[in-house]
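Take a look at the structure below.
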Amino acid sequence: MKQIVLAAGVASLCSVGMFAADDSVRVKITGCVKDGDGGSFVLTNVQEMSGGKMSPTTSIYWLSTTKGLKDEVGHKVEVTGTYSPSRDEGKTGTIAVKSDPATGEQTTELKNGAKRAEATTGTAAGTSGVKTEVEVVRPYRRLQVQKLKTISTRCDVP
């Protein structure tokens with residue numbers, strides 16, 4: 001089964017491979033690696049370097065590799081790579097966040113056509129007994145990963 005890595009950046013949340021084109025843009029993102037369905041991985045709490053500081057991103061990043069991510073589950077990572085604005089122009093993906101009213105457990109699902117990854121992102125404080133469903137459409141970028149490094153062995157570190 002093909003592995004997929006998706007990175008979702010939505011400010012309201014708890015917070016794959018092609019060659020870079022001539023118009024490639026270098027970017028650095030950080031996020032928490034979550035184990036998804038069927039060998040996929042999801043980055044949550046995604047931030048993008050902009051203006052010299054990390055800020056929540058409005059884009060979904062589709063990473064070009066899953067190499068080494070199994071060992072990074074539960075860790076905060078930094079990913080550096082490139083994407084092509086002309087190749088990605090007009091492309092969107094969907095982020096859906098749902099919570100189970102019985103447990104308060106949240107599930108984050110990212111999809112773009114046939115590509116899909118889903119991960120349980122934990123229990124949001126004060127959400128037990130409350131059913132929430134949020135779905136947003138965001139532009140996506142296919143990030144050609146050049147470097148991936150661990151920032152922290154814990155996801156709750158800012």
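The values are calculated or read from the model by the stated rules, or taken from the named source; none is laboratory data. In this text, all values refer to a predicted model and were calculated from it rather than measured experimentally. In this analysis, Cβ positions are derived from the backbone assuming ideal geometry, glycine residues included, and neighbour counts consider all displayed protein chains.
Every condition in (1) within 15 Å of Gln146 (Cβ to Cβ); (2) surrounded by 14 or more Cβ atoms within 10 Å (Cβ to Cβ); (3) modelled with pLDDT under 90; (4) among the small types (Gly, Ala, Ser) holds for Ser15 except the one numbered (1). Assessment of the stretch 21-39 against the conditions (touching a helix residue (DSSP H, G or I) at 6+ places or on another chain (Cβ under 7 Å), in a loop (DSSP other than H, G, I, E, B) and modelled with pLDDT under 85) yields at least one matching residue.
Each residue in the stretch 48-68 was checked for being within 27 Å of Glu135 (Cβ to Cβ), loosely packed, with under 15 Cβ neighbours inside 10 Å and either touching a Lys or Arg at 6+ places or on another chain (Cβ under 9 Å) or charged (D, E, K, R) (or both), and 1 of them qualify. Taken over the stretch 40-55, the criterion of being more than 15 Å from Cys155 (Cα to Cα) and not small (Gly, Ala, Ser) is satisfied by Glu48, Met49, Lys53, Met54. Counting only strands (runs of 3 or more DSSP E) that sit wholly inside the stretch 55-148, those with at least 3 residues that are modelled with pLDDT of 90 or more and under 24 Å from Gly38 (Cα atoms) are 76-83.
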